[in-house]
Each structure stands twice: as C-alpha cells, then as structure tokens.
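**Q** Mind looking over this structure? Questions follow.
The values are calculated or read from the model by the stated rules, or taken from the named source; none is laboratory data. Every value quoted in this text rests on a predicted model; they were computed, and no experiment measured them. Here the Cβ is made from the backbone with ideal geometry for all residues, glycine too, and neighbour counts use every protein chain on show. When the accessible area is computed, the model is the full protein with side chains, heavy atoms only, and any ligands, DNA or RNA have been set aside. Shrake-Rupley method; radii C 1.70, N 1.55, O 1.52, S 1.80 Å.
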Amino acid sequence: MLEDTLQVFIDGIKNYFAHTNEPEVKIGTPYLVDNNAPESADYTGIIGVSGPNKGCVYFTSPKILLKHLLLSIGESETHEENMVDLVGEVANTLSGYARRTFGKSFMISVPVVIEGVPSAIHLPRKLRSYVIPVTWKSYNASVVICLQPD
Amino acid sequence: MKSYNLMIVDDSNIIRNKIKRAYDKEKFSVVCTATNGEEAIEMFKSHPVDVVTMDLTMPKMEGIACIENLIAINPDVLILVVSALSDKATGIEALEKGATGFLLKPFTEDQLQDALNELTDDIYA
C-alpha cells in the first residue's frame with residue numbers, strides 16, 4: 001500500500017476530530033500486522049470496500065474513548081447503543097472521506113459493528129493490514145486498513 | 001418568518017440527535033424521522049414535509065434512490081444531503097436526482113444550521 005493511501009486516512013482521522021469540541025488528536029506511525037492477530041479494542045466499526053480496491057477499513061476503540069467522544073460531539077447519552085452507533089459512524093465517515101481521493105469507485109458498505117476482533121469474513125487471515133494508531137485525550141484507538149487490488 | 005416541516009433521514013441515532021439539536025427552532029420543526037430510504041418514503045407520504053435531511057449510505061434503500069422517490073411524490077420538496085461520501089461525482093449525482101444542497105459529514109451544529117438556512121433562503125433568491 002502506498003504511503004499516499006495511508007495519508008488519505010490519516011487526513012480523514014484529523015478531519016473527524018477537528019469537528020469535535022476537542023480537536024487535538026495524535027497519529028502514531030502506521031505499522032503492518034498479520035490478520036491472524038488483528039488489532040482490536042472493545043468495539044469495532046467495519047466498512048466493507050469493493051471496486052478496484054477490495055477489503056475493509058475499520059475503526060476499533062475502547063468504550064471510554066467512545067463515551068468521551070459522544071460528549072465531545074454534543075451527545076449527552078453515552079449508553080451502549082450510542083457507543084455502537086458512534087464506532088460505526090466514525091468508520092463510515094473515514095471511509096467516505098477517502099472517496100475524495102479514490103473517487104466513487106471506492107465503494108463502501110454500511111457499517112457493521114462488533115465487539116472485539118473482526119471475523120475472517122471481514123478480515124481474510126492470510127492478508128496483512130496497516131494499523132494507524134490514534135490517541136485522543138490519552139485514550140488509544142486504531143484505524144485499520146486491509147485493501148488489495150481486485 | 002416562514003416555518004418548515006423537517007424530516008430527518010439517517011440510520012445513525014447520534015446523527016439524527018445532532019441534527020435535532022442544531023436546526024433553528026423558530027424556522028423548522030421536526031415532523032418525522034426515518035432510519036432508511038424505505039421508511040422515509042412511508043413517512044413522507046403520511047406527513048406534511050417541506051425539507052428533508054438525507055443520508056446516502058443506509059440499509060434497505062440508499063439515499064440517492066430515496067431522493068428520486070421523494071421528488072417523484074413532491075417535486076417541490078427541499079432535500080439537504082448530509083453524507084460522508086466526499087467525491088464530487090456523488091454530490092453531482094445527488095443534485096441531478098433532485099437534491100437541493102449537500103453537507104459533508106462530519107459537520108458542526110453551526111454548519112448544519114447554515115446549510116438548512118441557505119437551502120430555504122435560496123427559494124427567495
């Protein structure tokens with residue numbers, strides 16, 4: 001995967017948090033992982049990607065980050081249902097942002113939200129993914145990109 | 001000031017809530033909400049709706065198809081697309097199908113309010 005591709009998602013992360021009440025977000029150095037040991041936290045919002053690039057983009061986050069993020073976008077109800085909703089919405093927004101560069105052929109699904117590790121259906125175990133570490137308000141989350149040419 | 005009946009269409013509860021917090025309460029009142037395109041069409045038929053905020057990526061029926069259906073029912077309805085899909089082609093397609101404006105996610109409450117006001121002010125431009 002090209003550095004430019006990762007930069008698109010890094011820009012998308014910065015853009016997302018720029019629209020919250022606490023815009024400062026730290027992006028760590030991206031790294032590669034085998035999909036048989038995928039990165040995951042409490043909740044994971046997964047977007048399936050089809051078209052010239054196939055695979056998925058997911059945002060995985062601890063509950064505590066999601067609770068604070070809900071408050072930071074003005075949502076006072078921080079219950080489970082809204083945390084699930086938010087983790088999917090973040091994944092959707094980051095993937096939608098990528099279409100600015102990749103165009104309409106970067107086709108994205110509605111979010112699927114799970115607890116913990118994505119299944120092999122979403123994340124083929126033979127492949128590898130890029131992990132972009134995200135730190136916001138001292139809480140760590142990750143954006144994970146697993147794309148391959150069709 | 002003219003007042004408008006608003007329908008919010010988005011599969012995300014937190015986005016629907018955000019839109020409810022943001023709109024100008026003197027100018028708009030929410031008459032119904034929907035979580036997908038199919039539900040939106042049913043709501044649209046049974047409620048007096050002037051303005052719609054429309055997500056594009058939704059289950060069951062996506063936003064573009066829903067816009068076409070709503071315009072077929074009432075060509076005068078004002079539709080503000082509120083979507084994360086940031087490519088130009090999608091924006092142009094939505095406008096060609098009958099949408100009146102486009103607001104990218106993520107958005108601030110001020111940006112939403114401005115977009116809704118621009119949409120309705122344009123009628124008298």
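**Q** What pairs come out if I take residues in the stretch B:97-120 that are under 12 Å from residue B:81 (Cα atoms) and of a type in the set (S, T, N, Q) and pair them with residues that are open to solvent by 60 Å² or more (accessible area, probe 1.4 Å) and modelled with pLDDT under 95 whose C-beta lies under 9 Å away, six or more apart or interchain?
**A** What qualifies is B:100/B:122.
**Q** Does residue A:36 count as within 14 Å of another protein chain (Cβ to nearest Cβ), polar (S, T, N, Q), touching a residue at least 24 places away in the same chain (Cβ under 8 Å) and not in a helix (DSSP H, G or I)? Before the answer, list the steps.
**A** Details: within 14 Å of another protein chain (Cβ to nearest Cβ): no; polar (S, T, N, Q): yes; touching a residue at least 24 places away in the same chain (Cβ under 8 Å): yes; not in a helix (DSSP H, G or I): yes.
It is false that residue A:36 is within 14 Å of another protein chain (Cβ to nearest Cβ), polar (S, T, N, Q), touching a residue at least 24 places away in the same chain (Cβ under 8 Å) and not in a helix (DSSP H, G or I).
**Q** Applying the selection to the stretch A:16-33, what residues are in a helix (DSSP H, G or I) and surrounded by 14 or more Cβ atoms within 10 Å (Cβ to Cβ)?
**A** Here is the first cut: in the stretch A:16-33, the residues in a helix (DSSP H, G or I) are A:16-18.
Within the stretch A:16-33, A:16, A:17 qualify.
Here's the yes/no breakdown for (1) outside any helix (DSSP H, G or I); (2) open to solvent by 10 Å² or more (accessible area, probe 1.4 Å):
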{"residue": "A:54", "(1), (2)": "yes, yes"}
{"residue": "A:64", "(1), (2)": "no, yes"}
{"residue": "A:78", "(1), (2)": "yes, yes"}
{"residue": "A:120", "(1), (2)": "yes, yes"}
{"residue": "A:123", "(1), (2)": "yes, no"}
{"residue": "A:131", "(1), (2)": "yes, no"}
{"residue": "A:135", "(1), (2)": "yes, yes"}
{"residue": "A:144", "(1), (2)": "yes, no"}
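**Q** Please determine, by comparing only the residues of the stretch A:96-106 that are assigned to a helix (DSSP H, G or I) and at the interface with another protein chain (Cβ under 7 Å from one of its Cβ atoms), which one is surrounded by the fewest Cβ atoms within 10 Å (Cβ to Cβ). Even if it seems obvious, please write down each step before you answer.
**A** If we filter the stretch A:96-106 for residues that are assigned to a helix (DSSP H, G or I), which is where we start, we get A:96-102.
Subset that is at the interface with another protein chain (Cβ under 7 Å from one of its Cβ atoms): A:96-97, A:99-100.
Values: A:96: 24, A:97: 24, A:99: 22, A:100: 17.
Among them, the one singled out is A:100.
**Q** Starting from the stretch A:107-119, keep only residues that are away from chain B (no Cβ under 14 Å), then list their pairs with residues that are surrounded by fewer than 18 Cβ atoms within 10 Å (Cβ to Cβ) and in a loop (DSSP other than H, G, I, E, B) whose Cβ atoms are within a distance under 8 Å, requiring at least 6 positions of separation or different chains.
**A** Matching pairs, first to second residue: A:115/A:42; A:116/A:42.
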